[in-house]
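Undergrad: Dropping a structure here in C-alpha cells format, bear with me for questions.
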Amino acid sequence: MSKQDTHFFNVFSLVIGLLVLTERDYAKNVAARIAPPSQEAVAGQDNSALAIKAPAAAAAGSAAALPKNGTELFEQTCSACHGQGIAGAPRAGDKAAWGPRIAKGKAVLYEHAIQGFTGTAGVMPAKGGRTDAPDDLVKQAVDHMLQMAQ
C-alpha cells in the first residue's frame with residue numbers, strides 16, 4: 001500500500017467514525033422532535049397533569065407591565081413610533097406635525113388612537129398595538145402627547 005492509500009484510508013475511517021458518533025445524537029434529537037405533542041384525557045382517570053397552565057413569568061409580566069398613567073403608556077408603547085416618527089407617526093413635540101391633527105379635535109384623536117387609523121401619511125394601530133390598555137389610559141397618553149406639542 002502506498003502512503004496516499006494509507007492516508008485516504010485513515011481519513012475515510014475518521015469520517016465514518018465521526019458520522020457514527022453524531023448519528024446517535026441525531027437519532028435522539030429526531031425522536032424527541034417527532035414524539036407525540038399531546039396527550040389524551042381518559043374518562044374516570046386523574047387527568048390533572050393535562051391541565052393547560054400559563055407560564056408564570058408571562059402571566060406576571062403582562063399584569064405588572066400595564067402602565068399606571070398616560071405618561072407611562074407613552075413611554076412604554078407610544079414612543080416606539082411617535083419618538084422617531086416611524087410609520088408616518090407625528091413625532092412627539094413636533095408642533096407643525098400635530099397642528100392639523102389638533103385642529104380636528106380631541107374626540108377624533110381619541111377615536112384614532114383607540115380604534116386605529118389609516119391615513120395618507122401613515123398607520124396608527126389600535127391602541128398603538130397595546131390592546132390590553134384601557135381606553136381611558138389611551139386618552140391620557142393622547143393628552144400627554146398633546147401637551148408635548150404645545
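Undergrad: If you scan segment 98-111, which residues turn out to be open to solvent by less than 40 Å² (accessible area, probe 1.4 Å) and either modelled with pLDDT under 90 or not small (Gly, Ala, Ser) (or both)?
TA: Of everything in segment 98-111, those that are open to solvent by less than 40 Å² (accessible area, probe 1.4 Å) and either modelled with pLDDT under 90 or not small (Gly, Ala, Ser) (or both) turn out to be TRP98, LEU109.
Undergrad: Name the single residue that is farthest from CYS78 (Cα to Cα) among those in segment 133-150 being in contact with a helix residue (DSSP H, G or I) (Cβ under 7 Å, 6 or more places away or on another chain) and open to solvent by 50 Å² or more (accessible area, probe 1.4 Å).
TA: Looking at the filtered set, the residue picked out is ASP135.
Undergrad: Next up: Name the residues in segment 112-132 that are free of Cβ contacts under 8 Å to residues at least 40 places away in the same chain, open to solvent by 70 Å² or more (accessible area, probe 1.4 Å) and not polar (S, T, N, Q), would you?
TA: Result: PHE117, VAL123.
Undergrad: Out of the residues in segment 112-122 meeting the condition of being farther than 17 Å from PHE74 by Cα and of a type outside the set (S, T, N, Q), tell me which one is modelled with the highest pLDDT.
TA: Within segment 112-122, the match that is modelled with the highest pLDDT is PHE117.
The values are calculated or read from the model by the stated rules, or taken from the named source; none is laboratory data. These figures come from a predicted structure and were not determined experimentally. Ideal geometry is used to build each Cβ from the backbone, glycine not excepted, and the neighbour counts take in all protein chains shown. The accessibility values were calculated without ligands, DNA or RNA, using every heavy atom of the protein model including side chains. Shrake-Rupley method; radii C 1.70, N 1.55, O 1.52, S 1.80 Å.
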